[in-house]
Amino acid sequence: MIEKFLKAKHWQIFMVTFGLPFLIQIIMIPITIIGNDPTIMMNVFPVLMILVMGGFLGWFWSIGVGLQIKVPNDVKMKVKKFKVFLIIPLVYMLFISISMGSMFNGAFENSQSPNSGMIGSIVGIIVPLHLFSMFCIFYCLYFVAKTFKTVELQREVSFSDFAGEFFMIWFFPIGIWIVQPKVNKMIEE
C-alpha cells in the first residue's frame, strides 16, 4: 500500500481524499432533500470521514515510513513515535464518526434532541481527545515534512529548511499538487 501512495500521481491522491468525498456529498444532498430524510446523510458521514482521513493519513504514513529507506544513515528519526501519533487520530476519527452518526441517527429516529446530560459527558470526553488528536496531526505534519526534506537534501534539517513543505502539506488540497510530484521523483531515483 505504501508503494501505491508513493507512486500515485498527485491528481489520484487528490481525487481519493478530496474529489470523491466532495462528489458523494453533492450527490447525497438532493437525495436527502428529495427523500426528506436527514438520516441518509448521517449514514454517509462516517464513510466520508473514513475515506478522507484514511487517504490523508495513508499518504502521511507512506511518506513518513516509505521514505525512511532513503534517509541518510547518520540522521535518526523517531519513526515509532510518528506511527503512534498517526494511529491516534485515525482511531479518534473512527470513534467520532461512528458515535456522532449513531447519536444523530438516534435523535432523528426518536424525533427528539439528544439528552443534554449525554451531550455534556460526550463533550467532556471529545474535547480533550480532539485537542490531543489535533496535536498528533500537527506532529505528523512536522514529521512528514521533515522526512520529505531530509530525503531531498540528504542531510539533517531544521524547521526553517522544511517550513514550506510543512505548510504545503498542512494545506493539503493545494500542497498535494506540489509535494507529490517531488515524492514521485524521489521514488523513481
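General observations
- The ellipsoid that matches the Cα gyration tensor of the range 143-189 has semi-axes, each √(5λ) in whole angstrom, of 16, 15, 6, with the longest given first.
- For a straight C-alpha distance cut-off of 20 angstrom, the aspartates and glutamates reachable from LYS76 (same-chain residues fewer than eight places away being disregarded) are GLU152, GLU156, ASP161, GLU165.
- Positive-end residue, the chain charge dipole about Cα centroid, Cβ charges, pick of THR147, ILE174, ILE33: THR147
- Value of [θ]222 nm, deg cm²/dmol, for the chain, DSSP H segments ≥ 4, -39500 (n - 2.57) each, nearest 500: -28000 deg cm²/dmol
- Straight-line cross-link reach from LYS80 at under 21 Å between alpha-carbon atoms covers these lysines, not counting any fewer than eight positions away in the same chain: LYS70, LYS146, LYS149.
- Cα centroid of the range 143-162 to Cα centroid of the range 1-26, whole Å: 24
- Within the chain, the percentage of alpha carbon pairs spaced more than 20 angstrom apart rounds to 61%.
- Accessible area expressed per residue, the chain, with surrounding protein chains retained (probe 1.4 Å, Å²): 57
- Protein accessible area in the chain, 1.4 Å probe - carbon and sulfur %: 72
- Neighbours of VAL183, meaning other residues whose beta-carbon lies under 15 angstrom from its beta-carbon, give a summed charge of +3 when Lys and Arg score +1 and Asp and Glu score -1.
- A simple charge model with +1 on the Cβ of Lys and Arg, -1 on the Cβ of Asp and Glu and nothing else charged puts the dipole of the chain at about 560 debye relative to its Cα centre.
- Taking SER99, SER158, SER62 in turn, the Gaussian network model of the chain (Cα-Cα springs below 10 Å) assigns the largest fluctuation to SER158.
- Rg ratio (alpha-carbon, reference 2.2 N^0.38 Å) - the range 1-55: 1.36
The values are calculated or read from the model by the stated rules, or taken from the named source; none is laboratory data. Because the structure is a prediction, the values reported are computed rather than measured. No Cβ is skipped: glycine too gets one built from the backbone with ideal geometry, and neighbour counts run over all protein chains shown. When the accessible area is computed, the model is the full protein with side chains, heavy atoms only, and any ligands, DNA or RNA have been set aside. Shrake-Rupley method; radii C 1.70, N 1.55, O 1.52, S 1.80 Å.
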